[in-house]
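A short write-up of the structure that comes next.
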Amino acid sequence: MEFVKVDVKDAVATITIDRPKALNALNTQVLKDIAAAFDSLDLDEVRCVILTGSGDRSFVAGADIGEMVEMDSAAGKELGRVGNKVMRDIENFPIPVIAAINGFALGGGNELAMSCDVRLASDNAIFGQPEVGLGITPGFGGTQRLARVIGNLSKAKELLYTGRNIKADQALELGLVSAVYPQEELIPAAEKMASIIAANAPVAVRNTKAAVNRGLQTDIDAAIEIEVELFGELFDTADQKEGMNAFLEKRKEKNFQNR
Ligand code: CAA
């Protein structure tokens, strides 16, 4: 992988997009490397992922404008398909993905962050979907996810139509991110959250992610059925027995086995 680094420690994988010369902009190779990085993870070992950008200025400054400038509509559609698949695969990745947004999250960068389960930001982070100023729409899910993530159609449309950027505190106010930290505290905060997630029963965390994601795609009655299935099947797992026996035996240490 040319532009992405993977580091696994204590059941937490940190995937770092590393193309600092272009503020970690997403060209075709970066997209391929991100997909390969997720594919490389051993889900028997890894229980949570942190996705971040290298350096202290940028998470991802968007899709690569130099690569897009001469594209025709066929190439644009192909790029949209490829980029959207990467985003959707992250959204559907079986274990939680925390975006640690350490600077610019513009265009495809904000779309990448929105594909993650939880967004934490540094106080210098800048968010936006500036695509209309470049003569395009957001193309990696931004027209669909922004309103869903912030739950405010008026604000989402305002940001999409004006293309204006917002700072971390405004992103927090809108619910685009869960928390904002000084730059040096961002990764430790993401690691702390990841380790708390990783200490829970992996089968339960996976089913919880699946229940939330799949349930959001359907009506409430069908969604409740999805929950019933995913809740019920856990009662055949070793981790359910371990979690409940640990409680009843007043044991703090739990030996979850991911099955
Ligand atoms: N594509 C390609 N290169 C980019 C880039 C991008 N999205 N963003 C930054 N870079 C490059 C710059 O061209 C520059 O390279 P050179 O040194 O070779 O000139 C380098 O990164 C540093 O950038 P700047 O000199 O511009 O740094 P700055 O501090 O003055 O500005 C910035 C930072 C505000 C993020 C500015 O770089 C910027 O506006 N970038 C573009 C942001 C953008 O429009 N993103 C959306 C792209 S479209 C998209 O993402 C479509 C989609 O939905 C899929």
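Please treat every number below as a calculation from the coordinates, not as lab data. Given the structure is predicted, the values throughout are model-derived calculations rather than measurements. Ideal geometry is used to build each Cβ from the backbone, glycine not excepted, and the neighbour counts take in all protein chains shown.
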TODO: Ratio to report: Rg/Rh of segment 107-258, with Cα atoms as the point set and Rh obtained by the Kirkwood method; give two decimals.
DONE: 1.07
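Can you give the helix-only mean residue ellipticity at 222 nm for the chain, where every DSSP H stretch with n ≥ 4 adds -39500 (n - 2.57) and the sum goes over all residues, rounded to the nearest 500 deg cm²/dmol?
-14500 deg cm²/dmol
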- [ ] Could you work out the relative contact order of the chain, using alpha carbon pairs under 8 angstrom and six or more residues apart, expressed as a whole percent?
- [x] 16 percent
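For R251, R214, which order do you get if you count the other beta carbons within 10 Å of each Cβ and list the fewest first?
Arranged by neighbour count, lowest to highest, R251, R214 become R251, R214.
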- [ ] Tell me the label-point distance for the pair A222, K250, using the 7 Å Cα-to-Cβ offset, in nm and rounded to one decimal.
- [x] 4.8 nm
Task: Span per principal axis, largest first, for the Cα atoms of segment 64-110 (Å) - done: 36, 25, 10
Open item on the list: Over the chain, with a Gaussian network built from C-alpha contacts below 10 Å, which listed residue (G80, G175, G135) shows the highest mean-square fluctuation?
Closed with: G135
Task: FRET E, pair F235, S178, Förster distance 30 Å, beta-carbon r, rounded to 0.05 - done: 0.45
- [ ] Determine the distance separating the Cα centre of segment 22-41 from the Cα centre of segment 186-259; give it in Å without decimals.
- [x] 28 Å
Open item on the list: What do you get for trypsin sites (Lys or Arg not before Pro) in segment 137-166 restricted to DSSP loop and a cutoff of at most 14 other Cβ within 10 Å of the site's Cβ?
Closed with: R164
TODO: Would you mind getting me the FRET efficiency between E78 and M1? Use the beta-carbon distance for r and R0 = 25 Å, nearest 0.05.
DONE: 0.70
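Rank these for me by crowding, M71, M114, M193, going from fewest to most other beta carbons within 10 Å.
M71, M193, M114
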Open item on the list: Below 8 Å between Cα atoms, with a sequence gap of 6+, how large is the relative contact order for segment 1-97 in percent?
Closed with: 31 percent
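By counting other Cβ atoms within 10 Å of each Cβ, how are F59, F127, F93 ranked from fewest to most?
Least crowded to most crowded, the residues run F93, F127, F59.
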